[in-house]
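First comes the structure, then the notes that go with it.
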Amino acid sequence: MVKPDIHTLAHHLKQERLYVASEKQLIQRLNGDVLKTAERLYRAAWITKQQRINLDRLILTSAEASPAECCQHAKVLEDTQFLDGYKTLGFQESIYGEFLGRVRENPRLLASCLVAGERLNQEHTQGVIYTVFTSLYGNCIMQEDERYLLQVLRYLVEFELKESDNPRRLLRRGTCAFSILFKLFSEGLYSAKLFLTATLHEPIMQLLVEDEDHLETDPSKVTERFTPAQQERLFGEKGSEGYRQKVAAAVEANEAKLVTLVNKFIGYLKQNTYCFPHNLRWIVSQMYKTLSCVERLEVGEVRTMCTDLLLTCFICPAIVNPEQYGIISDAPINEVARFNLMQVGQLLQQLAMADDDGDPRRKNSLAKFDKSCVAAFLDVVIGGRAVETPPMSSMNLLEGLSRTVAYMTHSQLLCLVDFVRSVMAGDHLREEEHMLLETLLANVPQSRTVKSNSLELTPSNTPQLSPATTPANKKNRNIGTYLLDLVYTWFSAACFHSRGKFYCV
């Protein structure tokens, strides 16, 4: 009886060993599939964000970027090929990787460098800010990157806004490091897209249905869209009393329509505050908490700045260009509707301003609103207990996965290193930060001087390309051309560690 039992036990143990080996192989294969899929996601996110920057460059700075140039740039991005960093950097790849990893993990130092670069008027500061978001923090796809970037934003409030003589004017310009990073972060945040869609889809669709007339509220511009014959037929003889009365009546009718529209937007804004992104709420709360401690700033002024930030950098851009934010996808926006959306956005911004800062031409329209309507929305956002630790996204399908690569062009890498060196050479850093940078840069080689147009994929610096400079037989080859010499840099093992279910090698 003992012998058969031993045979049975041996058989079961063998079967169990085969089963365990099979499961290990399956887990390894699934792990490999996850890593490959994550790699494709990182690459697609990098290209998509560069395409978005290229589009913004065309829309916002059309005087500096021709449509033909931006189209060629978009084609370059579509043909992007990614190369391992060692193929370009050789043995120095691990040195650069360690440098990038340690900078990434030190949000305070990074924020100090960005602020110092702006004070030194560094040529490539804006391009470096884009590189920080798209490459160093990988478009904040991973929770770890999101946490680091939120800390960078918090330190920028402390080092940049708090130390500024006029932080409100700095925010309004939209060109400081805090404004740019906040905008980049909010644009790519999934919870932000949900909030904007839930809040803006319905009122925007209602506006599109009622887009028959330009809702102009400036009496001097009401008649500009009509021919002289139409003006005489609609308003009477120009300069007459009847003409002025009819123009005033048209302005009053447009103001009434605008007030109704804006009230709808405010109503939906209040209605959907429950789904306002927690991480954006944390940033605004930290900003309010930090700036409220500044003696020269009144609490009301700090509240206005917080509202300004939410409207100017987050909500109003989505109102004016809803198709870019995925709020509407099947309804065309004509010139009349676009103008009316801009009017709504401008009125919302005016409502957030103090009485003496508002546009005097809009005083009649603003007088018809309850001034506390926008303030109530801000109260919900900044309300509650401010915590030091930034919140994470409630739903993250990539939990447990660690990023071990950074995607950037070779020139972006060199510009980042040169930027840090120039900041270290200045006198805007604290002594401990200066010493830390010296340690970080001790082994990093001196890079070649980077030309002003070498930050290819930023709104302000894009290479001047033409078909003549890009032979057809080289259109898919990026290294060694005028296009993208892309660095696929592996961070050193000391900077990234495996955690959770998946092991990134």
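Miscellaneous remarks
- Within the full protein context, the accessible area of residue 434 is estimated at about 60 Å² for a probe radius of 1.4 Å.
- Percent RCO, i.e. relative contact order, over region 189-383, from Cα pairs under 8 Å lying at least 6 residues apart: 33
- Shape class for region 107-162, computed from the alpha carbon gyration tensor (a ≥ b ≥ c): oblate, with a/c not under 1.5 and a/b at or below b/c.
- Relative contact order of region 194-262, defined on C-alpha pairs under 8 angstrom at six or more residues apart (%): 37
- Largest-first principal axis extents of the Cα set of region 1-60 (Å): 87, 9, 5
- Evaluated over region 140-226, the Cα radius of gyration and Dmax, each in Å: 19.2, 56
- Distances between every pair of Cα atoms in region 140-190, grouped in 5 Å steps from 0 to the bin holding the largest one, split as 5, 21, 28, 22, 14, 8, 2, 0 percent.
- The Cβ shell under 13 Å around residue 422 holds other residues with a net charge of -2, Lys and Arg each +1, Asp and Glu each -1.
- Exposure rank, largest accessible area first [129, 59; 1.4 Å]: 59, 129
- Take the Cα radius of gyration of region 189-383 and divide it by 2.2 N^0.38 Å, N being the number of residues; the result is 1.15.
The values are calculated or read from the model by the stated rules, or taken from the named source; none is laboratory data. These numbers were taken from a predicted model, which means no experiment stands behind them. With ideal geometry, Cβ positions are generated from the backbone for all residues, glycine too; neighbour counts draw on all protein chains shown. All accessible areas refer to the heavy atoms of the entire protein, side chains included, with ligands and DNA or RNA removed. Shrake-Rupley method; radii C 1.70, N 1.55, O 1.52, S 1.80 Å.
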